[in-house]
Amino acid sequence: MDIMDQTMKDDPAITLDYIRSLRVTSDHCGFYPRKEQLDRMVKLGMVISCDSMFVNRSAPWLTVYGAKNANRIAPIKSMLAAGLMTTAEAELGSIETGKSETLHAQLYHLISRVNDRGEKIAPEEAIDRNTLMKMSTVWPSFYVLKEKEIGTLEPGKFADLVILDGDPLADLENLSHAHRVLKGGKVFDPVELMKSLR
C-alpha cells in the first residue's frame, strides 16, 4: 500500500481510479489484515482472499503473539463491515487419492470459528452461511476478473456446478463430499475429475 501511495505521489498520471481498476489482491489472512489497514485497503480497491485453515494454522502462534491478537486471524467480519471485498480460498484434496472435503465443509471454520483442536478463535469474526456462499461463489469471480463469465447462474455465463451430499445452507459442517461435478456441460465423478487434473 505504501508503494501504491508513493507511486501516485511520484506520478500524477497514476490516479487512484487507475489503482482501483487494477484490483490489487492479497491472500490467506493469517494474522492479516490488521484492522487499522482496512480503510486504506478499501480506498485502494483491494480484494482479499482468506483461507479458513488459518483458524487452525495461526492459532498456535497466539502463544507467541498473545491471545489478544486472535482477532487478527482471518478477521472476515471486520473486513466485510469495512467494505473490503473478501473471498474464500481453501486447501482441497489430494490429487493422488482424489479424496477431499468439500469447499464448504472446510470453510465451516469461518462460521464456527472453532479450529480442529476445539479452540474458539475470535468468535466475533464469525460470518453466516449466506455470506460464506457469496465468498465462495459470486465474489471470487470478481477476484479473478471474470465476473462477466462466472460466479452467478445467468444467461451467457458458464454454469459449472457441484452436486453436494446435503444442503450447504442448513448443514454445512456435515457436508463430506461432492457427488457429481458439472463442468463444461459434462458430468464428472469428482474423484475422476481430480485425477484428470494431474
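The values are calculated or read from the model by the stated rules, or taken from the named source; none is laboratory data. A quick note: this is a predicted structure, and the numbers were derived from the prediction, not measured. So basically every Cβ, Gly included, is an ideal-geometry build from the backbone, and we count neighbours across all protein chains shown. Calculation scope for accessible area: heavy atoms of the full protein, side chains included, ligands and nucleic acids excluded. Shrake-Rupley method; radii C 1.70, N 1.55, O 1.52, S 1.80 Å.
So is residue 91 at pLDDT below 95, closer than 20 Å to residue 27 by Cα and of a type in the set (Asp, Glu) or not? It would help to see each step written out before you state the result.
Details: at pLDDT below 95: yes; closer than 20 Å to residue 27 by Cα: yes; of a type in the set (Asp, Glu): yes.
Criteria met by residue 91.
Spot the failing condition for residue 86; the list is (1) within 15 Å of the chain's Cα centre (by Cα); (2) at pLDDT 95 or above; (3) open to solvent by 80 Å² or more (accessible area, probe 1.4 Å), and only one is missed.
(3)
Return the residues of region 6-24 that are assigned to a helix (DSSP H, G or I) and of a type in the set (A, V, I, L, M); say none if nothing qualifies. Break it down into steps so the answer makes sense when it comes.
Going residue by residue through region 6-24, those that are assigned to a helix (DSSP H, G or I) are 6-10, 16-22.
Once the filter is applied, which keeps residues that are assigned to a helix (DSSP H, G or I) and of a type in the set (A, V, I, L, M), region 6-24 yields 8, 16, 19, 22.
Filter region 25-62 for residues that are of a type in the set (S, T, N, Q), closer than 19 Å to residue 88 by Cβ and part of a helix (DSSP H, G or I) and give the result.
Step one: of region 25-62, the residues of a type in the set (S, T, N, Q) are 25-26, 37, 49, 52, 56, 58.
Still in the running and closer than 19 Å to residue 88 by Cβ: 25-26, 49, 52, 56, 58.
Once the filter is applied, which keeps residues that are of a type in the set (S, T, N, Q), closer than 19 Å to residue 88 by Cβ and part of a helix (DSSP H, G or I), region 25-62 yields only 56.
Being open to solvent by less than 20 Å² (accessible area, probe 1.4 Å) and modelled with pLDDT of 95 or more is the filter here; which residues of region 115-126 pass it? Can you show your working first?
At the first step, the residues of region 115-126 found to be open to solvent by less than 20 Å² (accessible area, probe 1.4 Å) are 115, 121-122, 125.
Of everything in region 115-126, those that are open to solvent by less than 20 Å² (accessible area, probe 1.4 Å) and modelled with pLDDT of 95 or more turn out to be 121, 122, 125.
Suppose we filter region 53-79 for residues that are under 17 Å from residue 25 (Cα atoms) and either surrounded by fewer than 19 Cβ atoms within 10 Å (Cβ to Cβ) or of a type in the set (Gly, Ala, Ser) (or both); how many remain?
If we filter region 53-79 for residues that are under 17 Å from residue 25 (Cα atoms), which is where we start, we get 74-76, 79.
Subsequent filtering for residues that are either surrounded by fewer than 19 Cβ atoms within 10 Å (Cβ to Cβ) or of a type in the set (Gly, Ala, Ser) (or both) retains 74.
Here the count works out to 1.
Would you point out which residue out of 24, 55 is at pLDDT 95 or above, under 28 Å from residue 128 (Cα atoms) and among the hydrophobic types (A, V, I, L, M, F, W, C)? Write out each step before concluding.
Working: 55 fails: at pLDDT 95 or above.
Result: 24 is the single residue among 24, 55 that is at pLDDT 95 or above, under 28 Å from residue 128 (Cα atoms) and among the hydrophobic types (A, V, I, L, M, F, W, C).
Mind listing whichever residues of region 1-38 are touching a strand residue (DSSP E or B) at 6+ places or on another chain (Cβ under 6 Å) and touching a residue at least 40 places away in the same chain (Cβ under 8 Å)? I'd like the intermediate steps shown before the answer.
Step one: filter region 1-38 for residues touching a strand residue (DSSP E or B) at 6+ places or on another chain (Cβ under 6 Å), giving 23, 25-29.
Passing the criteria: 23, 25, 27, 28, 29.
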